[in-house]
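The values are calculated or read from the model by the stated rules, or taken from the named source; none is laboratory data. Computed from a prediction, not measured in an experiment: that's the story for all the values here. Cβ placement follows ideal geometry from the backbone for every residue including glycine, while neighbour counts extend to all protein chains displayed. SASA here: full protein model, heavy atoms, side chains in, ligands and nucleic acids out. Shrake-Rupley method; radii C 1.70, N 1.55, O 1.52, S 1.80 Å.
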Amino acid sequence: MHSMAIKINVSPKDQEAINDALERAGYPRQRRKYHCTFGFIEKMIPEEEVVTFGEKITHALQDYINPLTPHYEVEKAAHLFGHVIVFLPTDKSLTTLREINLWLSDKVKEISEMRWELNTETQSQTYIPHLTLWRTHHPDQRFEGLKEVAETHPTYHLSEVGYVIF
(Lines give C-alpha, C1' and ligand atoms only; values in the text may rest on other atoms or scores of the structure.)
Protein backbone atom coordinates (compact mmCIF):
# COMPACT_ATOMS: atom_id res chain seq x y z
CA MET A 1 0.00 0.00 0.00
CA HIS A 2 1.20 3.47 -0.84
CA SER A 3 1.05 6.79 0.97
CA MET A 4 0.41 10.10 -0.77
CA ALA A 5 1.05 13.73 0.12
CA ILE A 6 -1.29 16.18 -1.62
CA LYS A 7 0.19 19.66 -1.98
CA ILE A 8 -0.20 23.04 -3.61
CA ASN A 9 2.99 24.61 -4.94
CA VAL A 10 3.83 28.27 -4.57
CA SER A 11 3.61 30.12 -7.91
CA PRO A 12 6.82 30.25 -9.98
CA LYS A 13 7.20 34.00 -9.34
CA ASP A 14 6.85 33.48 -5.61
CA GLN A 15 9.25 30.51 -5.68
CA GLU A 16 11.85 33.11 -6.62
CA ALA A 17 10.64 35.47 -3.89
CA ILE A 18 11.13 32.75 -1.26
CA ASN A 19 14.61 32.00 -2.60
CA ASP A 20 15.39 35.74 -2.41
CA ALA A 21 14.24 35.78 1.23
CA LEU A 22 16.36 32.74 2.03
CA GLU A 23 19.37 34.34 0.40
CA ARG A 24 18.91 37.55 2.40
CA ALA A 25 18.96 35.42 5.55
CA GLY A 26 22.17 33.66 4.46
CA TYR A 27 20.77 30.40 3.07
CA PRO A 28 21.66 29.22 -0.44
CA ARG A 29 18.96 29.22 -3.13
CA GLN A 30 17.15 25.93 -3.64
CA ARG A 31 15.84 24.24 -6.77
CA ARG A 32 13.01 22.40 -5.02
CA LYS A 33 9.43 23.63 -5.24
CA TYR A 34 8.13 25.34 -2.14
CA HIS A 35 4.64 24.13 -1.31
CA CYS A 36 1.98 23.59 1.32
CA THR A 37 0.98 20.01 2.05
CA PHE A 38 -2.79 19.95 2.45
CA GLY A 39 -3.25 16.30 3.22
CA PHE A 40 -1.52 12.99 3.67
CA ILE A 41 -2.99 9.54 3.06
CA GLU A 42 -0.97 6.96 4.92
CA LYS A 43 -0.40 3.44 3.53
CA MET A 44 -3.90 3.00 2.13
CA ILE A 45 -3.66 3.24 -1.67
CA PRO A 46 -3.06 0.04 -3.69
CA GLU A 47 -0.25 0.11 -6.26
CA GLU A 48 -2.64 -0.24 -9.20
CA GLU A 49 -4.73 2.78 -8.13
CA VAL A 50 -2.15 5.26 -6.85
CA VAL A 51 -1.43 7.15 -10.11
CA THR A 52 -5.06 7.24 -11.24
CA PHE A 53 -6.16 8.49 -7.84
CA GLY A 54 -3.36 11.07 -7.75
CA GLU A 55 -4.45 12.44 -11.11
CA LYS A 56 -8.13 12.57 -10.11
CA ILE A 57 -7.57 14.27 -6.76
CA THR A 58 -5.11 16.84 -8.11
CA HIS A 59 -7.40 17.70 -11.02
CA ALA A 60 -10.36 18.14 -8.66
CA LEU A 61 -8.32 20.23 -6.20
CA GLN A 62 -6.92 22.41 -9.02
CA ASP A 63 -10.46 23.10 -10.23
CA TYR A 64 -11.46 23.97 -6.66
CA ILE A 65 -8.61 26.41 -5.96
CA ASN A 66 -8.44 28.19 -9.33
CA PRO A 67 -11.30 30.62 -8.57
CA LEU A 68 -10.08 31.05 -4.98
CA THR A 69 -6.53 32.09 -5.95
CA PRO A 70 -5.31 31.19 -2.44
CA HIS A 71 -2.43 33.09 -0.87
CA TYR A 72 -0.19 32.12 2.01
CA GLU A 73 0.47 35.11 4.26
CA VAL A 74 3.38 34.46 6.61
CA GLU A 75 2.98 35.11 10.33
CA LYS A 76 6.31 33.78 11.56
CA ALA A 77 9.23 31.43 10.97
CA ALA A 78 9.44 28.34 13.18
CA HIS A 79 11.48 25.18 13.72
CA LEU A 80 9.06 22.23 13.66
CA PHE A 81 9.19 18.50 14.25
CA GLY A 82 12.85 18.79 15.26
CA HIS A 83 14.03 18.84 11.66
CA VAL A 84 12.48 21.58 9.49
CA ILE A 85 12.38 25.36 9.34
CA VAL A 86 9.03 26.63 8.09
CA PHE A 87 6.89 29.69 7.59
CA LEU A 88 3.60 29.52 9.52
CA PRO A 89 0.48 31.33 8.24
CA THR A 90 -1.42 34.28 9.65
CA ASP A 91 -4.86 33.55 11.11
CA LYS A 92 -6.46 35.06 8.00
CA SER A 93 -4.55 32.68 5.71
CA LEU A 94 -5.10 29.76 8.06
CA THR A 95 -8.88 30.11 7.72
CA THR A 96 -8.67 29.68 3.93
CA LEU A 97 -6.06 26.93 4.17
CA ARG A 98 -8.23 24.95 6.57
CA GLU A 99 -11.25 25.36 4.27
CA ILE A 100 -9.20 23.87 1.44
CA ASN A 101 -8.03 21.07 3.73
CA LEU A 102 -11.61 20.28 4.79
CA TRP A 103 -12.79 20.24 1.16
CA LEU A 104 -9.86 17.94 0.30
CA SER A 105 -10.72 15.57 3.14
CA ASP A 106 -14.28 15.18 1.84
CA LYS A 107 -13.10 14.82 -1.78
CA VAL A 108 -10.58 12.08 -0.89
CA LYS A 109 -13.39 10.07 0.67
CA GLU A 110 -15.68 10.72 -2.31
CA ILE A 111 -13.17 9.78 -5.02
CA SER A 112 -11.97 6.71 -3.10
CA GLU A 113 -15.56 5.65 -2.43
CA MET A 114 -14.91 5.93 1.34
CA ARG A 115 -11.90 3.57 1.25
CA TRP A 116 -9.25 6.18 2.14
CA GLU A 117 -9.02 9.29 4.26
CA LEU A 118 -6.50 11.88 5.33
CA ASN A 119 -4.47 10.85 8.36
CA THR A 120 -5.34 12.54 11.63
CA GLU A 121 -2.25 14.78 11.56
CA THR A 122 -3.52 16.50 8.40
CA GLN A 123 -7.19 16.90 9.30
CA SER A 124 -8.61 20.40 9.37
CA GLN A 125 -9.35 20.90 13.07
CA THR A 126 -5.74 20.61 14.18
CA TYR A 127 -3.54 20.81 11.08
CA ILE A 128 -1.66 24.01 10.25
CA PRO A 129 -0.42 23.90 6.64
CA HIS A 130 3.12 25.27 6.58
CA LEU A 131 5.74 26.15 3.99
CA THR A 132 8.87 24.05 4.55
CA LEU A 133 11.95 26.12 3.80
CA TRP A 134 14.95 24.23 5.10
CA ARG A 135 15.73 20.87 6.68
CA THR A 136 17.92 20.98 9.77
CA HIS A 137 18.01 19.53 13.27
CA HIS A 138 19.83 22.54 14.68
CA PRO A 139 18.91 26.03 13.41
CA ASP A 140 21.88 28.39 13.30
CA GLN A 141 22.17 32.20 13.26
CA ARG A 142 20.55 32.34 9.78
CA PHE A 143 17.25 31.36 11.39
CA GLU A 144 17.13 34.78 13.06
CA GLY A 145 17.26 36.34 9.57
CA LEU A 146 14.24 34.27 8.50
CA LYS A 147 12.37 35.43 11.60
CA GLU A 148 13.00 39.01 10.49
CA VAL A 149 11.75 38.23 6.97
CA ALA A 150 8.58 36.72 8.45
CA GLU A 151 7.91 39.88 10.47
CA THR A 152 7.18 41.72 7.18
CA HIS A 153 4.33 39.20 6.56
CA PRO A 154 5.21 38.31 2.96
CA THR A 155 2.42 36.73 0.94
CA TYR A 156 2.87 33.91 -1.58
CA HIS A 157 0.36 32.71 -4.18
CA LEU A 158 -0.48 29.00 -4.07
CA SER A 159 -1.13 27.96 -7.63
CA GLU A 160 -0.25 24.45 -8.83
CA VAL A 161 -1.60 21.26 -7.25
CA GLY A 162 0.58 18.17 -7.11
CA TYR A 163 1.10 14.93 -5.24
CA VAL A 164 3.99 12.80 -4.05
CA ILE A 165 3.80 9.02 -3.68
CA PHE A 166 5.66 7.27 -0.87
| field | Residue selected from segment 61-87 under the condition of a type outside the set (A, V, I, L, M, F, W, C) and part of a loop (DSSP other than H, G, I, E, B), by the criterion least open to solvent (accessible area, probe 1.4 Å) | value | P70
| With L118, L97, L133, L102 as the choices, which residue is among the hydrophobic types (A, V, I, L, M, F, W, C), out of contact with any Phe, Trp or Tyr (no Cβ under 6 Å at 6 or more places or on another chain) and farther than 18 Å from Y64 by Cβ? | L133
| request: Determine whether R135 is loosely packed, with under 14 Cβ neighbours inside 10 Å and basic (K, R). | output: yes
| remark: T95 passes all but one of the listed conditions (1) in contact (Cβ under 8 Å) with a residue 12 or more places away in the chain; (2) outside any strand (DSSP E or B); (3) not aromatic (F, W, Y); the exception is number (1)
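Conditions tested, residue by residue: (1) more than 22 Å from T152 (Cα to Cα); (2) within 17 Å of the chain's Cα centre (by Cα); (3) open to solvent by less than 60 Å² (accessible area, probe 1.4 Å).
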residue	(1), (2), (3)
H2	yes, no, yes
Y27	no, no, yes
Q30	no, yes, yes
C36	no, yes, yes
G39	yes, yes, yes
K56	yes, no, no
P89	no, yes, yes
L102	yes, yes, no
| Subset of segment 23-79 [of a type in the set (D, E) and touching a helix residue (DSSP H, G or I) at 6+ places or on another chain (Cβ under 6 Å)] | E73
| message | Going through E42, E49 one at a time, which residue ends up being free of Cβ contacts under 8 Å to residues at least 40 places away in the same chain, more than 20 Å from L97 (Cβ to Cβ) and in contact with a Ser or Thr (Cβ under 9 Å, 6 or more places away or on another chain)? | response | E49
| Taking the condition over 19 Å from Q30 (Cα atoms) and basic (K, R), does R115 pass? | yes
| task | For segment 5-29, enumerate the residues that are in contact (Cβ under 8 Å) with a residue 12 or more places away in the chain, farther than 30 Å from D106 by Cα and out of contact with any strand residue (DSSP E or B) (no Cβ under 7 Å at 6 or more places or on another chain). | result | K13, A21, R24, A25, G26
| said: So if I check each of S124, S105, which one is assigned to a loop (DSSP other than H, G, I, E, B) and within 25 Å of E42 (Cβ to Cβ)? | reply: S124
| over 17 Å from L131 (Cα atoms), in a helix (DSSP H, G or I) and either of a type in the set (K, R) or touching a strand residue (DSSP E or B) at 6+ places or on another chain (Cβ under 7 Å) (or both): does that describe T58? | yes
| task | Count, please, the residues in segment 91-100 that happen to be surrounded by fewer than 21 Cβ atoms within 10 Å (Cβ to Cβ) and under 29 Å from E148 (Cβ atoms). | result | 6
| task | Quick one: in segment 104-116, of everything that is surrounded by fewer than 17 Cβ atoms within 10 Å (Cβ to Cβ) and in contact (Cβ under 8 Å) with a residue 12 or more places away in the chain, which residue is nearest to I8 (Cα to Cα)? | result | I111
